Amino acid sequence: MSKENFTYTFDGVEYCTQPFKVMEASPKVVGVDSSMYGKYFHELIGISTAQATTIRNDWQWWEIRNERDRIIAHTDWTQNADVPESTRTKWQNYRQELRDITKQADPFKITWPSEPS
């Protein structure tokens, strides 16, 4: 599933699609009124652009947190007692920068910190 997808129910059927994808005419689409073609999916189910943007951004933040947590877990070894203090300190700063990543304004323009050398 793409990170920009969201799940919704329309006429009792659950769908998963991009909120800003345009409904296109297709021979595979059955029972869809032609007036629906050319509209964004979020419009078709009655979700405002602001709501669809929130859904898309929340999904992206979820993806970013998962990636951040994966990276932090791979750096846990740097905090062991047998790691030199200077190395631990460098990695502590890096790990904090990772934790602070969600303070950035736009989830689609994330600046990831660089690993210490």
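Numerical summary
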quantity	calculated
Pair list, Cβ under 9 Å, 6 or more apart: the stretch 40-66 residue more than 21 Å from ILE110 (Cβ to Cβ), other residue in a loop (DSSP other than H, G, I, E, B) and of a type in the set (Ser, Thr, Tyr)	HIS42/SER48
Matching residues in the stretch 80-98 - criterion: being of a type in the set (Gly, Ala, Ser) and in contact with a Pro (Cβ under 6 Å, 6 or more places away or on another chain)	none
Selected residue (criterion: surrounded by the most Cβ atoms within 10 Å (Cβ to Cβ)) from residues of the stretch 84-111 that are touching a helix residue (DSSP H, G or I) at 6+ places or on another chain (Cβ under 7 Å) and part of a loop (DSSP other than H, G, I, E, B)	PRO107
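Here is a yes/no grid of residues against (1) at pLDDT 75 or above; (2) exposed (fewer than 11 other Cβ atoms within 10 Å of the Cβ); (3) more than 25 Å from LYS103 (Cα to Cα); (4) in the same structural domain as ASP106 (by TED's automatic domain parsing):
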{"position": "GLY31", "(1), (2), (3), (4)": "no, yes, yes, no"}
{"position": "LYS39", "(1), (2), (3), (4)": "no, no, yes, no"}
{"position": "THR54", "(1), (2), (3), (4)": "yes, no, no, no"}
{"position": "ALA73", "(1), (2), (3), (4)": "yes, yes, no, yes"}
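The values are calculated or read from the model by the stated rules, or taken from the named source; none is laboratory data. Computed from a predicted model, the values in this text were never measured in an experiment. With ideal geometry, Cβ positions are generated from the backbone for all residues, glycine too; neighbour counts draw on all protein chains shown.
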